[in-house]
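A short worksheet on the structure shown next.
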Amino acid sequence: MNLKLAFLAAQDIPQAKHDEIDALDQLAYENVAGHEENQKIEWASSQWIGLGSVDGCLATQLGCLEREIRINGHSLWVSGIGGVATHPQFQRKGYAKALLQATEKFIREELNTSFALLLCDGMPCELYRSLGWQDIADHVLYQQGGQTHRFESNVMIFQFSDESFPVGEIDLCGSPW
Ligand SMILES: CC(C)(COP(=O)(O)OP(=O)(O)OC[C@H]1O[C@@H](n2cnc3c(N)ncnc32)[C@H](O)[C@@H]1OP(=O)(O)O)[C@@H](O)C(=O)NCCC(=O)NCCS
């Protein structure tokens, strides 16, 4: 596989690369069910961006952040993964899978969280399950504009330790990702 992977701090990425990332995001998500509705939400900014390029072309990407969430009053730091997208011309070549596997390594080595968490519906859930992600809930709460909102979505976690994920209502304590 001729895929070059890199993880960059979002703040260090030049504007031209951010534009390329935004363009790929638009292209990949425009036909995804619920996209219009989801655009009304202010999504959290990523702290790190995982990028996969082939011969200099951006092929696949995702965003990553750390957030202290609450579950039934219990605080827990998690790594959040979002915006997983592969350019339509590069799909079904195993690139998202390779990037997610590299992300697992990045989180293990660079971030100090026992869990990663993502929101996902439909076909991509199978991709995550095949990599060891588990389904844990069918909605989350998030905070935006001073209000608590509910987001209906399959909630998946990846476990980095033996610790059990707390049971109960998950509050992302900020914008979703
Ligand atoms: C989901 C997405 C990122 C997958 O990217 P990708 O690089 O094509 O994925 P991969 O080639 O690594 O796929 C790995 C496995 O995931 C599953 N998969 C990926 N795309 C699939 C599809 N369209 N239909 C069914 N299964 C699919 C398959 O099991 C696949 O393995 P296989 O090709 O050996 O059968 C890409 O389709 C995309 O950008 N979709 C639009 C945005 C989106 O929905 N993102 C996910 C948000 S949670």
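FYI, it's all coordinate maths here, none of it is from the lab. No experiment lies behind these values; they were computed from the predicted model shown. Neighbour counts are summed over all protein chains in view; Cβ atoms, including those assigned to glycine, are modelled from backbone coordinates with ideal geometry.
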Once the dipole of the chain is set up from charges on Cβ (+1 Lys and Arg, -1 Asp and Glu), the residue from the list 168, 133, 5 lying farthest towards its positive end is 5
Taking amide hydrogens as modeled 1.01 Å from N in the peptide plane, which residues meet the under 5 Å criterion relative to residue 87, leaving out close sequence neighbours? 60
Quick one: helix 95-110 against the long Cα principal axis of the chain, what's the angle to the nearest 10°, folded into 0 to 90? 60 degrees
Could you work out how far helix 15-29 tilts from the main Cα principal axis of the chain, as a 0 to 90 degree angle to the nearest 10? 70 degrees
Note, residue 59: beta-carbon cut-off 15 Å, +1 each Lys/Arg, -1 each Asp/Glu, net +2
With Cβ to Cβ distances under 13 Å as the rule, what net charge do the other residues near residue 30 carry (K, R +1; D, E -1)? -3
Projected area of the chain, taken from the Cα convex hull and averaged over every viewing direction, in nm²? 10.2 nm²
